[in-house]
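Everything on this sheet refers to the single structure shown next.
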Amino acid sequence: QVQLVESGGGSVQAGGSLRLTCSASGRTFSSYAMGWFRQAPGTEREFVSSISWDGNRTYYEDSVNGRFTISRDNAKNTVYLQMNSLKPEDTAVYYCKGRDSVGMDYWGKGTLVTVSS
């Protein structure tokens, strides 16, 4: 099992940048595929980005592709989401997700990102 805690959210002007951090505790973190999801008010939670356990494969939702970058440092049990060129429509609560080797999902409690025009 793993516990996930997000940080780095806040308020930023359109065009600005933020870096979100997901800090994990628990065994076998390095075997977990990791991802970021977000949920805006009145919407369903949606996929943003994910990264394989070894960092060799990354995936992005079309609307963030080219603006966001996911990375991980297994030695620090940490996953990052670098968010550049932020837009008001990026405003949401961002959640970190881990998936273990048998397909069990673990979620953080979220961090709020607010982008103003």
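The values are calculated or read from the model by the stated rules, or taken from the named source; none is laboratory data. The model shown is predicted, which means the values in this text are computed figures rather than measured ones. Heads up, the Cβs are rebuilt from the backbone with ideal geometry, glycines too, and the neighbour counts pull from every protein chain shown. The protein model used for the area step is the full one, side chains on, heavy atoms only, and it has no ligands, DNA or RNA in it. Shrake-Rupley method; radii C 1.70, N 1.55, O 1.52, S 1.80 Å.
Can you list the strands (runs of 3 or more DSSP E) lying wholly within segment 21-77 that have 1 or more residues being surrounded by 12 or more Cβ atoms within 10 Å (Cβ to Cβ) and free of Cβ contacts under 8 Å to residues at least 40 places away in the same chain?
Output list reads 46-51, 58-60, 68-73.
Considering only segment 24-41, state which residues are under 17 Å from the mean Cα position of the chain (by Cα) and farther than 22 Å from Asn56 by Cβ.
Once the filter is applied, which keeps residues that are under 17 Å from the mean Cα position of the chain (by Cα) and farther than 22 Å from Asn56 by Cβ, segment 24-41 yields Ser25, Arg38, Gln39, Ala40.
Determine if segment 49-71 includes at least one residue that is within 12 Å of Gly98 (Cβ to Cβ) and aliphatic (A, V, I, L, M).
Yes, that holds for at least one residue.
So if I check each of Lys97, Lys109, which one is open to solvent by 50 Å² or more (accessible area, probe 1.4 Å) and not hydrophobic (A, V, I, L, M, F, W, C)?
One residue alone meets the criteria, Lys109.
In segment 78-91, what residues are open to solvent by 50 Å² or more (accessible area, probe 1.4 Å) and part of a loop (DSSP other than H, G, I, E, B)?
Within segment 78-91, Asn84, Ser85, Lys87 meet the criteria.
Can you pull out every residue in segment 1-17 that is part of a strand (DSSP E or B), at pLDDT 95 or above and open to solvent by 30 Å² or more (accessible area, probe 1.4 Å)?
Val5, Ser7, Ser11, Gln13
Which condition from (1) in contact with a Ser or Thr (Cβ under 7 Å, 6 or more places away or on another chain); (2) at pLDDT below 95 is the one that Tyr59 breaks?
Condition (2) is where Tyr59 drops out.
Return the pairs, sorted by first residue and then second, in which the second residue is aromatic (Phe, Trp, Tyr) and open to solvent by 40 Å² or more (accessible area, probe 1.4 Å), the first residue lies in segment 89-117 and is in contact (Cβ under 8 Å) with a residue 60 or more places away in the chain and farther than 12 Å from Ala40 by Cα, the beta carbons are less than 7 Å apart, and the residues are 6+ apart or on different chains.
Once the first residue is in contact (Cβ under 8 Å) with a residue 60 or more places away in the chain and farther than 12 Å from Ala40 by Cα and sits in segment 89-117, its partners that are aromatic (Phe, Trp, Tyr) and open to solvent by 40 Å² or more (accessible area, probe 1.4 Å) give Lys97/Trp107.
Hey, can you tell me all the residues within segment 92-112 that are of a type in the set (Val, Ile, Thr) and either part of a loop (DSSP other than H, G, I, E, B) or under 12 Å from Val64 (Cβ atoms) (or both)?
The one that is of a type in the set (Val, Ile, Thr) and either part of a loop (DSSP other than H, G, I, E, B) or under 12 Å from Val64 (Cβ atoms) (or both): Val102.
Could you check segment 86-117 and list, in sequence order, the residues that are among the acidic types (Asp, Glu) and closer than 17 Å to Glu61 by Cβ?
Within segment 86-117, Glu89, Asp90 qualify.
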